[in-house]
1. How many of the residues making up the stretch 142-167 are at pLDDT 95 or above and in a strand (DSSP E or B)?
2. State whether the residues of the stretch 3-25 include one that is among the charged types (D, E, K, R) and either part of a strand (DSSP E or B) or in contact with a Cys (Cβ under 8 Å, 6 or more places away or on another chain) (or both).
3. State which residue pairs qualify: first residue without any contact (Cβ under 8 Å) to a residue 12 or more places away in the chain and inside the stretch 11-36, second residue surrounded by 14 or more Cβ atoms within 10 Å (Cβ to Cβ) in any location, beta carbons under 8 Å apart, and separation of 6 or more residues or different chains.
4. Considering only residues that are of a type in the set (A, V, I, L, M), surrounded by 14 or more Cβ atoms within 10 Å (Cβ to Cβ) and more than 15 Å from residue 144 (Cα to Cα), which ones fall in the stretch 1-43?
Amino acid sequence: MKGNAFLQDNELPKIDWSDLWQAHEKSLQFLDGVSADPDRLARMVEFAWSDPDLRAMCEQGVVEDKIVLADHPELGWRLQIRMASTRQQEMSHQHRFSFATKVLKGAYLHRIYHYDGEFGTGTDYRDVSTVYLNEDGPGTTFCIDHRTIHSTPLIEAGSILLVLRGPAVKDRAPVIFREVRGDPNESEVLTTEMEPLSANPGTIFFRIGVTDENRSQRREIPMTADVFAHWKQLLISNGIITASEVQYAE
């Protein structure tokens, strides 16, 4: 358990992600409660950076960064803020875990897909058909099962999400590009577990969880103090957290 001093025991839900309707109700109620108090959320963000365990889980990625606010595996969840550092491409993908999201700033372009067969290696992206399309703006919430094939590109840099994710139920999850990223003519020598900086439609990679053994195989890196300060200021300027002086709990 890596909790946050500003979350009270009586408001911490225990979530069974195998029952998605129950998970939806509990997780979205919790996300609404956390996001409704900018003063407390500011203290949670500061605590996450001051706590060595939580800070170690804060990361910078290719297209988005994350600040981990609390981690309660005994209750079935991890709470984090995710921030888009650049425009994201449409990539049909699954997750290693089920999760719930609330959009705080910006928007997702949310697609859900249908595919006959096992999604992953050997899948032709042209055989994956869109069955749902919606723009999820500020205040929008959703809960999704790890087996769902979807894409959620944040369509503008600086978009911000509050995410409650469940425990990992598989080691890796497939991601297939449906549009070009960067310059596909640039050559990179990558493992299939490393997110590419450039790609063509149909390029596939697998997202994996971090361990000491595979850290070098992942594109994500520990968040720096400068990047944390940047996101903190953006959270303040958008009214998501306050700029009040932080008092750390003993």
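1. Total meeting the criteria: 10.
2. no
3. What qualifies is 22/15.
4. Result: 5, 7, 12, 34, 41, 42.
The values are calculated or read from the model by the stated rules, or taken from the named source; none is laboratory data. No experiment lies behind these values; they were computed from the predicted model shown. Note that each Cβ is placed from the backbone with ideal geometry, even for glycine, and that neighbours are counted across all protein chains shown.
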